[in-house]
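Take a look at the structure set out below.
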Amino acid sequence: MHTMRQAIRWGDMDVLGHVNNTIYFRYMETGRIAFLEDLNGKFDAKGQGPVIVTAYCTFIKQLKYPGEIEVRTYAGGPGRSSFEVTHEISLVDAEGKADVVYAEGGGKVVWIDFQAEKSVALPERIRSQLPEA
């Protein structure tokens with residue numbers, strides 16, 4: 001599991017006064033990239049790396065500015081060239097706890113050769129850090 005916190009920005013809200021649904025995908029993206037960089041380091045667009053091929057989100061409660069969120073990212077077991085990730089987005093309360101999930105989602109990460117635009121086998125350094133399938 002990977003955990004990160006970030007502020008809810010004023011610009012994350014829509015005209016209805018809550019965080020716009022599209023922003024939840026940005027929050028998950030930020031958590032996923034931080035998780036992947038922890039596993040692999042920075043990515044080189046001329047080499048190999050991850051792309052996301054599916055994404056979904058279940059909106060449970062509305063987030064509003066101001067506030068801080070915690071994004072928890074979990075990885076599933078590896079396939080040949082892919083693995084699933086899931087995310088929980090929680091609001092950090094006044095005591096610094098993030099116990100209430102406001103949204104949950106995830107997606108499928110596929111390892112590709114960026115130049116060839118084709119999937120490749122997951123590198124062993126990534127595979128070895130994922131849970132067993």
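The values are calculated or read from the model by the stated rules, or taken from the named source; none is laboratory data. Model, not experiment: these values are computed from the prediction. When we count neighbours, we look across all protein chains shown, and the Cβ atoms used for this are built from the backbone with ideal geometry, even at glycine. Ligands, DNA and RNA are excluded from the accessible area calculation, which covers all protein heavy atoms including side chains. Shrake-Rupley method; radii C 1.70, N 1.55, O 1.52, S 1.80 Å.
Structure above, values below:
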read-out: Selection of trypsin sites (Lys or Arg not before Pro), region 1-81, meeting DSSP coil and at most 16 other Cβ within 10 Å; value: R9, K42, K46, K61, K64, R80
read-out: Residue-span extension gain [S81 to E95] - 0.36 nm each, minus C-alpha spacing; value: 0.9 nm
read-out: Under the Karplus curve 6.51 cos²θ - 1.76 cosθ + 1.60, θ = phi - 60°, whole-Hz ³J(HN,Hα) for region 75-82, x wherever Gly or Pro sits; value: 10, x, x, x, x, 5, 10, 8
read-out: Residue-averaged [θ]222 nm for the chain, counting only DSSP H segments that reach four residues, each worth -39500 (n - 2.57); value: -5500 deg cm²/dmol
read-out: Mean accessible surface per residue for the chain, computed with a 1.4 Å probe while every protein chain stays in place, in Å²; value: 56 Å²
read-out: Degrees separating the helix 21-40 axis from the principal Cα axis of the chain, which is the longest one; value: 40 degrees
read-out: Neighbour-limited loop hits for chymotrypsin sites (Phe, Trp or Tyr not before Pro), region 44-133 (at most 16 other Cβ within 10 Å; DSSP other than H, G, I, E, B); value: F114
read-out: The chain - percent relative contact order, Cα under 8 Å, separation 6 or more; value: 30 percent
read-out: Along the chain, longest interval not containing exposed GluC sites (Glu not before Pro), exposed being DSSP loop plus at most 10 other Cβ atoms within 10 Å; value: 1-94
read-out: Region 7-98 - percent of accessible surface contributed by carbon and sulfur, probe 1.4 Å; value: 54 percent
